[in-house]
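J.: Have a look at this one before I ask anything.
The values are calculated or read from the model by the stated rules, or taken from the named source; none is laboratory data. Note that the coordinates shown come from a computational prediction; the quantities given were computed from them, not determined experimentally. Reconstructed Cβ throughout: ideal geometry from the backbone, glycine too, with neighbour counts over all protein chains shown. Side chains included, ligands, DNA and RNA excluded: accessible areas come from the protein's heavy atoms. Shrake-Rupley method; radii C 1.70, N 1.55, O 1.52, S 1.80 Å.
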Amino acid sequence: MDHDLQLRAATPDDHDWIHELRHRVYAEELGQHPVDPSGRLRDGLDGDTVYLVAARGETRIGFVGLTPPWVGRYSLDKYLTREEPPILTEEEPFEIRILTVEERWRSTAAAPLLMYAALRWAAARGGRRVVAMGRTELLDMYLAAGLRPVGRTVRSGAVSFEVLSGSVAGLTRTVAERHGRTLERLRAGLDWRLDVPFAPRADGCEHGGAFFSAIGTDFRTLTRRHEVVAADVLDAWFPPAPEVRAVLSEDPGWSARTSPPTGAEGLLAELARARGLPSESLVVGAGSSDLIFRAFGRWLTPGSRVLLLDPSYGEYAHVTERVIGCRVDRLRLRREDGWLLDPDRLAAATRSGEYDLVVVVNPNNPTGRHAPADALRAVIEATPERTRWWIDEAYLGYVAPADSLAGLASVDPRVVVCTSLSKMYALSGMRAAYLVAHRDTAGELRRWTPPWPVSLPAQLAAVTALRHPAYYEERWARTAVLRRELAAGLAQLDGLSSVDEGVANFLTVTLPPDGPSAALLVGECRRHDVYLRDLSPMSPSYEGRTVRFAVRDTAENARIVAACRSALDALRARMAVPVTSGAPAGRASR
């Protein structure tokens, strides 16, 4: 196979070929289906199945189909119930269907490349698990790829199939390990036209902040910061209080070279004063991620069971699932409910006491929804003592700082409240956060806290910020005004399905199902130096079509709206032009 292989989403022109090839293989060759006089094989899921096509020049080589979970039905529904086995209800699986290659190309890398493309497509839309049917006589091949039988064999016509399942991350690794050299060889000239990078990120949680790639992570072109709109990460749009800037500029040489107070004693005292909490219930860290890793690493093991909201802040899934290896369940927030957390559903999920840890981000990122503290308190108090609750209140200042569970956390051994100082106090670059816990829990974590957990500039900035609440309260109120203005500007654009404000310093936009994907909109806006966050990898609930916008100042918000208008116009024009082998080629990229 030459280096002119193209991977792309199927176009309307491909569908007749797909139906014809399916008929040749599954009706004429294998006898799975009766021969149809039309020479075409279709089914009821065709309109909802996403097809990816491999082609070489004008020659189509093969295809693979995916049925996303938001379709609400699978081809496997013809053979299995949803209850036993429960693979179609757990983790919202993506169904990989009818991986099919023209006979003359079956000895090439076309099939593994299509499988790899399907896995990358699913991962980019929050997929964590796939299901498939594999021909029984080819079971060894499927096992080698990392799929595992679920204990059900089904028969369709003359063909027997094993029902298979596997994790997206595990299968991606297996395909890369078994076919890595071939994939790398093809990659140099591969015309990769999918709206997902060819290679997954290095192991780690995916965050916003891609804007820094446009500025330069080597810090040699920092003037670019004036040209780039960083709306893909939730840093404050406003600067720190004037007093904070003054203390940082008073003697920067001294603060850079001087070791800070070993245990951040002054910061702990100021937090205790400002929040009305006992200092022995506080633990500080270099940002909330520092505290998450430190605490979860002490409390959890691979045998622990954890409940997360979905969608929610991705660091929690990364630490619990990928770093520690816990069993993680998800309480799905639903678009039709306005993404609101239903306390009754949460109570029903937690009252049995089977969870070692429940994590609630409130207000939630990325949905922007807030659950009243009284409702959460009632749920917590009704759960058994063995269940620990971690409440992330990083964005609570945008609602009402008084609506915090920090007071409960200081006296209830089951509850921990984590709060970042980065976002609310415009200190993201400083990295400062704290948690509130019962004195015994806090004391244990302080024993495992290294000396100098927060830098001297960060301690100076945080202490000073806490002493000037009026400035920040005015900035938080102004954020709500800017958010409404940004939402109004975006709502006037053609090509958006909905604009959802929420309560914090961001909003989300959903694209229509028949429009461009979130990844395409984000990529097109980057041509204008406007960086937005594609939420697709965080959860299948976003269906690959939801984008998060951080609120910026008036001028940058206007640039965001203008960039989205231009991007939507360009994408509509591009979608109106049929994709052919002669179209401009895109190379595979990381």
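J.: Name the residues in segment 341-353 that are out of contact with any Leu (no Cβ under 7 Å at 6 or more places or on another chain), surrounded by 14 or more Cβ atoms within 10 Å (Cβ to Cβ), in a loop (DSSP other than H, G, I, E, B) and not acidic (Asp, Glu), would you?
T.: None; the set is empty.
J.: Restricting segment 262-289 to residues that are surrounded by fewer than 14 Cβ atoms within 10 Å (Cβ to Cβ) and small (Gly, Ala, Ser), which is farthest from residue 416 (Cα to Cα)?
T.: Among them, the one singled out is 269.
J.: Then there's this: Does any residue of segment 538-554 turn out to be part of a helix (DSSP H, G or I), among the aliphatic types (A, V, I, L, M), open to solvent by less than 10 Å² (accessible area, probe 1.4 Å) and touching a strand residue (DSSP E or B) at 6+ places or on another chain (Cβ under 6 Å)?
T.: No, the conditions are met nowhere in segment 538-554.
J.: Say we look at segment 359-399 and pick out the residues that are assigned to a helix (DSSP H, G or I) and open to solvent by 20 Å² or more (accessible area, probe 1.4 Å); which of these is farthest from residue 334 (Cα to Cα)?
T.: Looking at the filtered set, the residue picked out is 381.
J.: Then there's this: Anything in segment 24-52 that is in contact with a Ser or Thr (Cβ under 8 Å, 6 or more places away or on another chain), free of Cβ contacts under 8 Å to residues at least 60 places away in the same chain and more than 18 Å from residue 74 (Cα to Cα)? List them, or say none.
T.: If the condition is that a residue be in contact with a Ser or Thr (Cβ under 8 Å, 6 or more places away or on another chain), free of Cβ contacts under 8 Å to residues at least 60 places away in the same chain and more than 18 Å from residue 74 (Cα to Cα), then no residue fits.
J.: Quick one: in segment 182-209, of everything that is modelled with pLDDT of 90 or more and of a type in the set (A, V, I, L, M, F, W, C), which residue is nearest to residue 534 (Cα to Cα)?
T.: 196
J.: So which of 329, 356 is more than 20 Å from the chain's Cα centre (by Cα) and open to solvent by 10 Å² or more (accessible area, probe 1.4 Å)?
T.: Residue meeting the stated conditions: 356.
J.: Only one of these conditions is not met by residue 92: (1) surrounded by fewer than 18 Cβ atoms within 10 Å (Cβ to Cβ); (2) farther than 28 Å from residue 33 by Cα; (3) modelled with pLDDT of 85 or more. Which number is it?
T.: Evaluating residue 92 over (1) surrounded by fewer than 18 Cβ atoms within 10 Å (Cβ to Cβ); (2) farther than 28 Å from residue 33 by Cα; (3) modelled with pLDDT of 85 or more leaves (1) as the failure.
J.: Filter segment 400-411 down to the residues that are assigned to a loop (DSSP other than H, G, I, E, B) and open to solvent by 20 Å² or more (accessible area, probe 1.4 Å) and list them by number. Please lay out each step first, then the result.
T.: If we filter segment 400-411 for residues that are assigned to a loop (DSSP other than H, G, I, E, B), which is where we start, we get 400-405.
Result: 400, 401, 402, 403, 404.
J.: Right, next: If a residue has to be open to solvent by 70 Å² or more (accessible area, probe 1.4 Å) and touching a strand residue (DSSP E or B) at 6+ places or on another chain (Cβ under 9 Å) to count, how many in segment 66-83 make the cut?
T.: Summing the residues that are open to solvent by 70 Å² or more (accessible area, probe 1.4 Å) and touching a strand residue (DSSP E or B) at 6+ places or on another chain (Cβ under 9 Å) in segment 66-83 gives 2.
J.: Here are some residues: 244, 175. Which one is under 27 Å from the mean Cα position of the chain (by Cα), part of a helix (DSSP H, G or I), of a type in the set (A, V, I, L, M) and crowded, with 20+ Cβ neighbours inside 10 Å?
T.: Going through 244, 175 in turn, just one is under 27 Å from the mean Cα position of the chain (by Cα), part of a helix (DSSP H, G or I), of a type in the set (A, V, I, L, M) and crowded, with 20+ Cβ neighbours inside 10 Å: 175.
J.: Select from segment 484-508 the residues that are outside any strand (DSSP E or B), in contact (Cβ under 8 Å) with a residue 40 or more places away in the chain and open to solvent by less than 20 Å² (accessible area, probe 1.4 Å) and list them in ascending order.
T.: Result: 486, 489, 490, 493, 502, 504, 505.
J.: Right, here's the next one. Could you list, ordered by first residue, the pairs with Cβ atoms under 6 Å in which the first is in segment 133-158 and under 13 Å from residue 112 (Cβ atoms) and the second is hydroxyl-bearing (Ser, Thr, Tyr), at least 6 apart or interchain?
T.: Every condition considered, the pairs that remain are 145/174; 146/174.
J.: Right, another one. Show the residue pairs that are 6+ apart or on different chains and have beta-carbon atoms under 7 Å apart, the first residue being within segment 222-238 and more than 17 Å from residue 525 (Cα to Cα), the second being open to solvent by less than 20 Å² (accessible area, probe 1.4 Å) and of a type in the set (Asp, Glu).
T.: Sorted first by the residue in segment 222-238, then by its partner, the list stays empty.
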